[in-house]
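Undergrad: Have a look at this one.
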Amino acid sequence: AQSVTQPDIHITVSEGASLELRCNYSYGATPYLFWYVQSPGQGLQLLLKYFSGDTLVQGIKGFEAEFKRSQSSFNLRKPSVHWSDAAEYFCAVRGTYKYIFGTGTRLKVLA
Amino acid sequence: DTAVSQTPKYLVTQMGNDKSIKCEQNLGHDTMYWYKQDSKKFLKIMFSYNNKELIINETVPNRFSPKSPDKAHLNLHINSLELGDSAVYFCASSYGGTTSGSVFEQYFGPGTRLTVT
């Protein structure tokens with residue numbers, strides 16, 4: 001079955017620290033993967049996407065993600081977190097005619 | 001310019017009432033979606049339309065009826081509202097709803113917070 005798992009429900013980091021949010025997927029064919037961010041009271045905004053090619057993809061707001069087929073993972077990273085990065089982060093995979101989202105990771109940033 | 005817009009942003013109503021949420025996209029996309037996000041932020045697909053044709057209906061109660069008058073609009077009508085319908089409803093759009101070889105990201109609206117009392 002097609003699925004996305006985000007193992008961490010909550011993550012807290014200090015401002016300026018590095019960040020890694022985990023995402024594991026289950027998909028039979030080549031996955032098309034996405035990371036979205038949802039700020040409080042807002043809709044979802046695309047951070048980055050992976051379709052093919054270079055397994056390290058760059059996104060907006062200084063985020064990057066690395067696709068690792070052997071680990072079925074697509075982890076999101078940022079070298080230095082800003083207070084404005086506090087939000088809910090969703091990993092998603094394109095399934096058959098639809099997009100499957102993980103349960104989200106809530107990021108809290110300490111000043 | 002707003003890419004995907006929804007109205008209303010907030011909707012407070014009583015059990016048993018009927019209400020509608022409207023969605024419009026100006027991106028030229030051919031596929032539109034409705035999602036329900038519960039209080040735990042879980043995002044669940046409800047419906048998807050491609051070129052006005054229903055392609056996904058995820059075991060949603062038949063009290064929920066989507067309607068797509070054209071490719072740019074997808075409305076959601078809910079009959080006999082129940083307490084459990086309280087959630088945030090998101091509309092989204094993309095290209096390539098039925099063509100597996102074409103994969104594009106979704107664009108989301110700002111959401112409609114529905115509260116049923």
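The values are calculated or read from the model by the stated rules, or taken from the named source; none is laboratory data. Computed from a prediction, not measured in an experiment: that's the story for all the values here. Glycine gets a Cβ as well: all are built from the backbone with ideal geometry, and neighbour counts include every protein chain shown. Please note that ligands, DNA and RNA were not included when accessible areas were found on the heavy atoms of the full protein model with its side chains. Shrake-Rupley method; radii C 1.70, N 1.55, O 1.52, S 1.80 Å.
Undergrad: Carbon and sulfur together cover what percent of the accessible area of the stretch A:3-110 at a 1.4 Å probe radius?
TA: Here carbon and sulfur together make up 49 percent of the probe-accessible area.
Undergrad: Report the relative contact order of the stretch B:21-117, percent, no decimals, based on alpha-carbon pairs under 8 angstrom and at least 6 residues apart.
TA: 31 percent
Undergrad: Now, a different point. On the accessible surface of the stretch B:1-56, probed at 1.4 Å, how many percent belong to carbon and sulfur atoms?
TA: Roughly 46 percent, rounded to a whole number.
Undergrad: Tell me, which longest segment in chain B has none of the GluC sites (Glu not before Pro) that fall in DSSP loops with at most 14 further Cβ atoms within 10 Å?
TA: Result for the longest clean stretch: B:1-57.
Undergrad: Counting only C-alpha contacts under 8 Å and six or more residues apart, can you give the relative contact order of the stretch A:4-97 as a whole percent?
TA: 37 percent
Undergrad: If you take the accessible area of A alone, add that of B alone, and subtract the area of the pair, what total do you get in Å², probe 1.4 Å, to the nearest 100?
TA: Looking at A and B, the buried total is near 1900 Å².
Undergrad: I'd like the mean, over residues of B:36-49, of how many other protein chain beta carbons sit within 10 Å of each residue's own Cβ.
TA: 3
Undergrad: Now for a separate question. Given a 1.4 Å probe, how much area per residue of the stretch B:4-116 is accessible, in Å²?
TA: Ligands and nucleic acids excluded, the figure is 47 Å² per residue.
Undergrad: Hey, what do the phi angles of the stretch B:75-85 turn into as Karplus ³J(HN,Hα) couplings, whole Hz, using 6.51/-1.76/1.60 and θ = phi - 60°, x for Gly and Pro?
TA: Each residue's phi maps through the Karplus curve to give 9, 10, 10, 10, 9, 6, 4, 10, 4, x, 7 Hz.
Undergrad: Filter A:K68/B:K40; A:K98/B:K40; A:K78/B:K22 down to the pairs with a C-alpha to C-alpha distance above 25 Å, please.
TA: In this structure, A:K68/B:K40; A:K78/B:K22 exceed 25 Å between Cα atoms.
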